[in-house]
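Student: I'd like to ask some things about the structure below.
The values are calculated or read from the model by the stated rules, or taken from the named source; none is laboratory data. What you are looking at is a predicted structure, and each value in this text was computed from that prediction instead of being measured. So basically every Cβ, Gly included, is an ideal-geometry build from the backbone, and we count neighbours across all protein chains shown. Heavy atoms of the whole protein, side chains included, go into the accessibility calculation; ligands, DNA and RNA do not. Shrake-Rupley method; radii C 1.70, N 1.55, O 1.52, S 1.80 Å.
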Amino acid sequence: MTRVLVLNGPNLARLGTREPEVYGSTSYTDLESAVRRWGAALGLEVDVRQTDDEAELIGWLHEAVDTRSDVVLNPAAFTHYSYGMRDAAAQVTGAHLRLVEVHITNPYAREAFRHTSVVGAVATGTVAGFGLDSYRLALSALAPVD
């Protein structure tokens with residue numbers, strides 16, 4: 001079974017209460033449940049995590065390399081400036097693992113500072129702007145092909 005780490009960056013634990021007009025009203029707990037359900041339906045072993053700590057997120061990316069796990073990564077605010085996270089993400093794809101960058105909203109339809117992703121250039125692909133379905137689409141991209 002393909003193992004996938006679904007890693008979420010800062011403020012995502014606040015889903016449902018943080019700017020619901022932007023991010024929706026679904027809670028982070030509900031997102032975790034949905035991701036696990038979608039992953040199981042696709043034949044994936046999914047481990048969902050969230051942190052507001054950049055160092056912890058980098059450590060999880062290192063773990064992905066060490067355990068040979070693909071990654072779905074919502075770097076949140078770290079998307080735009082964390083070169084340490086970008087370098088850790090590059091280690092994932094450099095190890096011939098897949099890393100899909102995910103965003104709930106479309107960063108290009110928002111403030112100008114959100115238009116830059118330091119992760120995008122080292123990611124296998126990016127899914128953005130489909131709400132929580134962005135995660136479902138990312139997991140689909142990592143599902144085993146029959």
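Student: Six or more apart or on different chains, Cβ under 9 Å: which pairs go from a residue in the range 20-46 that's modelled with pLDDT under 95 and of a type in the set (D, E, K, R) to one that's surrounded by fewer than 17 Cβ atoms within 10 Å (Cβ to Cβ) and not in a strand (DSSP E or B)? Could you list them?
Tutor: From residues that are modelled with pLDDT under 95 and of a type in the set (D, E, K, R), the pairs are D30/G16.
Student: Kindly provide the set of residues from the range 66-84 that are buried (at least 17 other Cβ atoms within 10 Å of the Cβ) and either touching a strand residue (DSSP E or B) at 6+ places or on another chain (Cβ under 8 Å) or modelled with pLDDT of 95 or more (or both), ordered by number. Break it down into steps so the answer makes sense when it comes.
Tutor: First pass over the range 66-84, keeping only residues buried (at least 17 other Cβ atoms within 10 Å of the Cβ): 69-76, 78-79, 82.
Of everything in the range 66-84, those that are buried (at least 17 other Cβ atoms within 10 Å of the Cβ) and either touching a strand residue (DSSP E or B) at 6+ places or on another chain (Cβ under 8 Å) or modelled with pLDDT of 95 or more (or both) turn out to be S69, D70, V71, V72, L73, N74, P75, A76, T79.
Student: Could you list, ordered by first residue, the pairs with Cβ atoms under 8 Å in which the first is in the range 121-133 and assigned to a helix (DSSP H, G or I) and the second is polar (S, T, N, Q) and open to solvent by 30 Å² or more (accessible area, probe 1.4 Å), at least 6 apart or interchain?
Tutor: V122/T93
Student: Could you tell me which residue of the range 85-120 is nearest to V35 (Cα to Cα), considering only residues that are modelled with pLDDT of 90 or more, charged (D, E, K, R) and not in a loop (DSSP other than H, G, I, E, B)?
Tutor: E101
Student: Here is a further query. Can you find a residue that is surrounded by 20 or more Cβ atoms within 10 Å (Cβ to Cβ) and in a helix (DSSP H, G or I) anywhere in the range 43-51? Let's see the steps before the verdict.
Tutor: Of the range 43-51, the ones surrounded by 20 or more Cβ atoms within 10 Å (Cβ to Cβ) are 44, 46, 50.
Filter once more, keeping what is in a helix (DSSP H, G or I): none.
No, the conditions are met nowhere in the range 43-51.
Student: Now a separate question. Checking V6 against (1) part of a helix (DSSP H, G or I); (2) buried (at least 17 other Cβ atoms within 10 Å of the Cβ), only one condition comes out false. Which one?
Tutor: Against the list (1) part of a helix (DSSP H, G or I); (2) buried (at least 17 other Cβ atoms within 10 Å of the Cβ), V6 comes up short only on (1).
Student: Continuing with the same structure: Restricting to the range 85-97, count the residues that are open to solvent by less than 50 Å² (accessible area, probe 1.4 Å) and not small (G, A, S). Give the derivation first.
Tutor: Within the range 85-97, the first condition is being open to solvent by less than 50 Å² (accessible area, probe 1.4 Å), and the residues that meet it are 85, 88-90, 92-93, 95, 97.
Of the ones still in play, those that are also not small (G, A, S) are 85, 92-93, 97.
Count: 4.
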